[in-house]
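Novice: What follows is a structure written as structure tokens; I'll ask about it next.
No value in this document is a laboratory result; all are computed from the given coordinates. Because the structure is a prediction, the values reported are computed rather than measured. Cβ coordinates were reconstructed from backbone atoms using ideal geometry, including for glycine residues, and neighbour counts include every protein chain displayed.
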Protein chains: 2
Amino acid sequence: MQVLSMKHKERLAAYANRIEEELSHFLPLEGLPQQEVMEAMRYSALGGGKRLRGAFVLEFCRISGGSVEAALPYACAIEMIHAYSLIHDDLPCMDDDELRRGKPCCHKVYGEATALLAGDGLLNRAFETALSEEAVDRVGEARALRLSRELAGAAGYYGMIGGQCIDLAYDGRVPDRATLDRLIALKTGALIRVACRMGCIAAGAEAAQITAADTFAAKLGQAFQIRDDMLDVEGDTVTLGKAVHADEKQGKSTYPALLGMETCRAEVARLTEEANAALSAFSDTAFLEDLALALVTRMN
Amino acid sequence: MQVLSMKHKERLAAYANRIEEELSHFLPLEGLPQQEVMEAMRYSALGGGKRLRGAFVLEFCRISGGSVEAALPYACAIEMIHAYSLIHDDLPCMDDDELRRGKPCCHKVYGEATALLAGDGLLNRAFETALSEEAVDRVGEARALRLSRELAGAAGYYGMIGGQCIDLAYDGRVPDRATLDRLIALKTGALIRVACRMGCIAAGAEAAQITAADTFAAKLGQAFQIRDDMLDVEGDTVTLGKAVHADEKQGKSTYPALLGMETCRAEVARLTEEANAALSAFSDTAFLEDLALALVTRMN
């Protein structure tokens, strides 16, 4: 198990704090007569998680030569999409969960109707944020348009929602390897990939760097998921500090079931190596390499 | 009761057909392994309704000197938003409806989980459509960005979703006039207003025309809703050909309850006159005036 160096732990925490502040700014409570749904949106979007997706946006912007502040609205937008997907996934008609990140799910606190609207509100608010004058002022019209388009593509039917559809279709049955890879690539991979891509795009990186960031994210996302499944088999039930949107109920230990633990270990090592190799398109990548290793060797 | 002239009826039908074709294009079934959710999206988005919101986009684009084809992706985007809001509104945790436009609701056909994802998918797809290369090629980057931003604002917490929140908070109780006006202005008015505004923006209309279109839509939207409530009192239960997203269950006859039928009639007349007066900022407005009158004097 590799832990983040103190310096990198501090950088991750600094990113998470900045994202938290900005999320609160984009989800203001003041002066609203119909506060309850916004309270529910804030309940689910604020105060939790490592903000890995948002941190990837900011860090890839930084190593592509851009300013972290320019990328912040896009870090917030992707965290809003992530938060909405968790609210809707937890609803009784989906996974019917009670707890999320150690606290009661949105619908347990606010009721189903409000939770449904809060999810819709966060999904919509992600695009309001990505398209806001504030965001466009920081990155310019052309990049704002491209960033918003990439986000919409990754979050939608051809991305995250598509992955949820496959998951729904299998409903607990173990799919074959190709289908499982596709499910994971869409359901959790699409948002991680677009986070890394958006960081590059916000900074005006060239195409080769965007492709390299995409490769890093795709490999790391899959390695992370396999590690997640392995932890489940090892019996270390994970609830706190859970960073990536893994399905708690079904398909949790599907990689070990399909491949066996030994092959899983080898796959994680291979994928992590390939992820970090893709970073050679950038310089100053120590934080990302360290973070990748910490994620795929974590014990909970 | 005023009926649309044959010429105008044909124009409305032609708009609806063109929107239907383009919606089908933006919601393709081919080559997808997780088809069921896309089938549910198409079930709810295609084959129904007068496409009033989409028609407003196209007609305001036309009278602002733009091409109907340029505005089409935005007509589709707003119809997707409308369709998603109906799917989620009909869910058991919201209105728990069985029928929509005379056919079973999405969740009655596909189940709740698929209907939830189909709604999310359509909301997301609206932005994918508005931000697509196809759309941007037709209107240019600056207008595409503004159109998408306006759509996001109108559909979100400060627009339609905000109206749903107020509705939820009142849960069948009759609000006071100011609150009811605000509820209607957001829940159904915001999308009608942005439809008219987007038509103008797609054509590059000047600010005064955008404001005039907004006024037309705001007044007409309220008049339509009051007429809707009056029809409910008159006992003409409306299900077929229902064009505007009125709540079937609660608050349906709230304007007559608050104002009495006589005042309702006077309000509809006043609002319609003010709506049509706003059209003086444009020429060639016979279709819109005729459509407005037909909507507010309809008998079902």
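Novice: Test of understanding: ordering B:D167, A:D181 by Cβ neighbours within 10 Å, fewest first, what list do you get?
Specialist: By the 10 Å Cβ count, ascending: A:D181, B:D167.
Novice: Please list, ordered by chain and number, the residues whose modelled amide H lies under 5 Å from the amide H of A:G140; skip anything fewer than 5 residues away on the same chain.
Specialist: none
Novice: Expected output is a single nm value to one decimal: the length gained when fully extending between A:N300 and A:V233, i.e. 0.36 nm times separation in residues minus the C-alpha distance. What is it?
Specialist: 22.9 nm
Novice: Here's a follow-up. Mind checking which of A:Q164, A:Q35, A:Q225 has the largest fluctuation in a GNM of chain A, springs on alpha carbons under 10 Å?
Specialist: So, out of A:Q164, A:Q35, A:Q225, the one fluctuating most is A:Q35.
Novice: Okay, next question. Going by C-beta contacts inside 10 Å, put A:Y170, A:Y255 in order with the fewest on the left.
Specialist: A:Y170, A:Y255
Novice: Using only atoms on other chains, find how many Cβ atoms lie within 10 Å of each Cβ of peptide B:193-201 and report the average.
Specialist: 0
Novice: Read phi for every residue in region B:120-135 and hand back ³J(HN,Hα) as whole Hz from Karplus 6.51 cos²θ - 1.76 cosθ + 1.60, θ = phi - 60°, with x for Gly and Pro.
Specialist: 4, x, 6, 4, 4, 5, 4, 6, 4, 5, 5, 9, 5, 4, 4, 5
Novice: While we're looking at this one, here's another question. Can you work out the Karplus-derived ³J(HN,Hα) for every residue in region A:166-179? Use 6.51 cos²θ - 1.76 cosθ + 1.60 with θ = phi - 60°, whole Hz, and x for glycine or proline.
Specialist: 4, 4, 4, 5, 7, 6, x, 6, 7, x, 6, 4, 4, 5
Novice: Now for a different question. Can you list the copy-to-copy distances for A:D284, using a point 7 angstrom from Cα toward Cβ, in nanometres, shortest first?
Specialist: 5.5
Novice: Here's another thing I want to ask about it. Placing a label point 7 Å from Cα toward Cβ, how far apart in nm is A:L258 from its equivalents in the other copies, listed shortest first to one decimal?
Specialist: From this label point to the equivalent ones elsewhere in the assembly: 5.6 nm.
Novice: Can I ask one more? Kirkwood-based Rg over Rh for chain B (C-alpha set), two decimals?
Specialist: Dividing the radius of gyration by the Kirkwood radius yields 0.95.
Novice: Quote the charge dipole size of region B:144-199 about the Cα centre in Debye, to the nearest 20; the model charges only the Cβ of Lys and Arg (+1) and of Asp and Glu (-1).
Specialist: Computed charge dipole of region B:144-199: roughly 220 debye.
Novice: Rank the residues B:E274, B:E30, A:E128, B:E20 as a footprinting-exposure proxy: fewest other Cβ atoms within 10 Å of their Cβ go first.
Specialist: So the ranking, lowest neighbour count to highest, is B:E30, B:E274, B:E20, A:E128.
Novice: Would you mind giving the three semi-axes, in whole Å and largest first, of the ellipsoid equivalent to the protein assembly as shown according to its Cα gyration tensor?
Specialist: Semi-axes (√(5λ), whole Å): 44, 25, 21.
Novice: Okay, moving on. Sum -39500 (n - 2.57) across every DSSP H segment of at least 4 residues in chain B, then divide by the residue count to get the 222 nm mean residue ellipticity, nearest 500.
Specialist: -22000 deg cm²/dmol
Novice: Next question, about the same structure. Can you list, shortest first in nanometers, how far B:Q35 lies from the same residue in the other copies, with each label 7 Å from Cα toward Cβ?
Specialist: Here the equivalent label points are 5.0 nm apart from this one.
Novice: Would you kindly state how much longer the chain becomes between A:E141 and A:K108 on full extension, computed as 0.36 nm times their sequence separation minus their alpha carbon distance, in nm to one decimal?
Specialist: So the extension gain works out to 7.8 nm.
Novice: Given R₀ = 22 Å, FRET efficiency for B:A269-B:T211 by Cβ-Cβ distance, to 0.05?
Specialist: 0.45
Novice: Once you place label points 7 Å from the Cα toward the Cβ at A:A14 and B:V174, how far apart are they in nm?
Specialist: Inter-label distance under the simple model: 6.1 nm.
Novice: So how far, in whole Å, is the C-alpha centre of region B:64-90 from the one of region B:1-20?
Specialist: 17
Novice: Okay, moving on. Could you give P(r) for region B:38-123, binned at 10 Å from zero, as whole percent values over all Cα-Cα pairs?
Specialist: Distribution as computed: 19, 45, 23, 11, 1 percent.
Novice: What GluC sites (Glu not before Pro) does region A:64-111 have in DSSP loop regions with at most 13 other beta carbons within 10 Å?
Specialist: A:E98
Novice: Let me ask you something else. Stick to Cα atoms and the Kirkwood definition of Rh, then tell me Rg/Rh for region B:149-224.
Specialist: On the Cα set of region B:149-224, Rg over Rh gives 1.04.
Novice: Further, regarding this structure: Taking θ as phi - 60°, what are the ³J(HN,Hα) couplings along region B:145-151 by the Karplus curve (6.51, -1.76, 1.60), each to the nearest whole Hz, with x for Gly and Pro?
Specialist: Each residue's phi maps through the Karplus curve to give 5, 5, 4, 5, 5, 5, 4 Hz.
Novice: Over 15 Å, how big is the tail of the calculated P(r) for region A:119-166, in percent of all Cα pairs?
Specialist: 50
Novice: Would you mind getting me the FRET efficiency between B:K7 and A:E262? Use the beta-carbon distance for r and R0 = 60 Å, nearest 0.05.
Specialist: 0.20
Novice: As a quick test, which of the pairs A:K108/A:K219; B:K9/B:K108; B:K9/B:K219 have an alpha carbon distance above 31 angstrom in this structure?
Specialist: A:K108/A:K219; B:K9/B:K108
Novice: What longest range of chain B stays clear of loop-exposed trypsin sites (Lys or Arg not before Pro) (DSSP non-H/G/I/E/B, at most 16 other C-beta within 10 angstrom)?
Specialist: Counting only loop sites that pass the neighbour cut-off, the longest clear stretch is B:1-100.
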